[in-house]
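K.L.:
My questions all concern the structure below.
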């Protein structure tokens, strides 16, 4: 599956732009939707759509609507196998299966939001897209599906 794509398998590894100590924490500082949309609208490489569509193997169309769903148009692989999606959910911005280039863009956006880039397992990423350390709690105790 392509980074940030909605097509293909439903399983994947999410990376989050978050202000929380652990992205899955119920409490803690959240990114507000209005803040996210302001960042998207001020970035010439980004586009706000609010929905995403992809054609499935059987020819049907899967449509997902999300108030903060946005696209990174300048991604080098944008359009090859879908689009480079950023999804807003519960005070975090999420990308599925990001590669190093995508992680670099996430880090840049996180800086504008006074946030960090954190993987599902609690690892933190830097501006070059490399893992730099784990959050103090490391891997969370709750299964990933609890949060969806």
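Since every read-out is calculated from the coordinates, none of them should be taken as a lab result. In this text the structure is predicted, and so the values were computed from the model without any measurement. Cβ placement follows ideal geometry from the backbone for every residue including glycine, while neighbour counts extend to all protein chains displayed.
K.L.:
Return the residues of the stretch 105-122 that are more than 12 Å from the chain's Cα centre (by Cα) and crowded, with 17+ Cβ neighbours inside 10 Å; say none if nothing qualifies.
P.N.:
Matches in the stretch 105-122: 113, 115, 122.
K.L.:
Applying the selection to the stretch 83-103, what residues are assigned to a loop (DSSP other than H, G, I, E, B) and surrounded by fewer than 17 Cβ atoms within 10 Å (Cβ to Cβ)?
P.N.:
90, 99
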